[in-house]
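Step one of this worksheet: look at the structure below.
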Amino acid sequence: MDHSTHGTHLSAVAMMAVSGLVLAAVVPGVVRLTRRAPLWQWVSLPPGLALPLLVLVHAWVVLADLVLPLPTGVTVVSEAALLLAAFVFWVPAIARTRHRLSDPGRCLYLFLAAPLLDIPALGVIASGHQAEGLAMIVGMLPLAIAAAVVTWSWIQREERQAVDALPLAVRGGDPGVR
């Protein structure tokens, strides 16, 4: 997931897109598939720490190489730190831990994260690497989609609960029919 914009144009664009996709789709997919694993209890941080951690690590990884070309070893460590921060970020939104967010909390958390994580990509665009920055933004679109899905499912759940709370006569139906 090398974020370097010093490679060939096509490879830098592809790497930025893949990096965004890993952060916004692959990592949450892994967390979702393993959401009941005891590991998530150990690495779970409060959302108020997990979100800024990801935002700062992401900014460092995406923007540091624009300021000063980094040695390969530093880049590898930075990429590993970003991957770990991504897992820590997704745990409160998906996994069953003591830090699991409520439905409204998850909506706010994900909708807040999407633009904050796009800011470094805007820095890449401003530095003259438009294709790479846009590739990062497009690669991270699944995060915004996840926020919308969480919001929609929350709305649907609230509506079902409201209807179920109504007396049967108000709902106008037979108790066996829904």
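Provide a single number: the residues in the stretch 23-49 that are of a type in the set (A, V, I, L, M), farther than 18 Å from ALA81 by Cβ and under 12 Å from the mean Cα position of the chain (by Cα).
The number of residues fulfilling the criteria is 1.
Given the criteria open to solvent by 30 Å² or more (accessible area, probe 1.4 Å) and closer than 23 Å to LEU51 by Cα, does PRO167 qualify? It would help to see each step written out before you state the result.
Numbers: open to solvent by 30 Å² or more (accessible area, probe 1.4 Å): yes; closer than 23 Å to LEU51 by Cα: no.
Criteria not met by PRO167.
On the basis of being over 19 Å from VAL138 (Cβ atoms) and part of a helix (DSSP H, G or I), does VAL57 make the cut? First the steps, then the outcome.
Values: over 19 Å from VAL138 (Cβ atoms): yes; part of a helix (DSSP H, G or I): yes.
Yes.
So, ARG35, is that one outside any helix (DSSP H, G or I), among the charged types (D, E, K, R) and touching a residue at least 12 places away in the same chain (Cβ under 8 Å) or not? Quick ask: steps written out before the conclusion?
On the way: outside any helix (DSSP H, G or I): yes; among the charged types (D, E, K, R): yes; touching a residue at least 12 places away in the same chain (Cβ under 8 Å): yes.
Yes.
Does the stretch 109-161 hold any residues that are closer than 30 Å to PRO69 by Cβ, free of Cβ contacts under 8 Å to residues at least 12 places away in the same chain and out of contact with any Gly (no Cβ under 7 Å at 6 or more places or on another chain), and which are they?
Across the stretch 109-161, the qualifying residues are PRO115, ALA126, GLY128, GLN130.
Across the stretch 68-94, what is the total count of residues that are at pLDDT below 85 and either closer than 23 Å to ALA113 by Cα or part of a helix (DSSP H, G or I) (or both)?
As a first pass, look at the stretch 68-94 and keep what is at pLDDT below 85: 68-75.
Those left that are additionally either closer than 23 Å to ALA113 by Cα or part of a helix (DSSP H, G or I) (or both): 72-75.
Counting residues in the stretch 68-94 that are at pLDDT below 85 and either closer than 23 Å to ALA113 by Cα or part of a helix (DSSP H, G or I) (or both) gives 4.
Could you check GLY48 against (1) closer than 18 Å to ARG106 by Cα; (2) surrounded by 14 or more Cβ atoms within 10 Å (Cβ to Cβ); (3) among the small types (Gly, Ala, Ser) and say which number it fails?
(2)
Sort through VAL26, VAL61 and tell me the only one that's surrounded by 14 or more Cβ atoms within 10 Å (Cβ to Cβ) and without any contact (Cβ under 8 Å) to a residue 12 or more places away in the chain.
Working: VAL61 fails: without any contact (Cβ under 8 Å) to a residue 12 or more places away in the chain.
From the options VAL26, VAL61, the qualifying one is VAL26.
Of (1) surrounded by 17 or more Cβ atoms within 10 Å (Cβ to Cβ); (2) of a type in the set (Ser, Thr, Tyr); (3) over 25 Å from VAL13 (Cα atoms), SER78 satisfies all except one. Which?
(3)
The values are calculated or read from the model by the stated rules, or taken from the named source; none is laboratory data. Computed from a predicted model, the values in this text were never measured in an experiment. Every residue, glycine among them, receives a Cβ derived from its backbone with ideal geometry; neighbour counts consider all protein chains shown. In case anyone asks, the SASA skips ligands and DNA or RNA and just uses the protein heavy atoms, side chains included. Shrake-Rupley method; radii C 1.70, N 1.55, O 1.52, S 1.80 Å.
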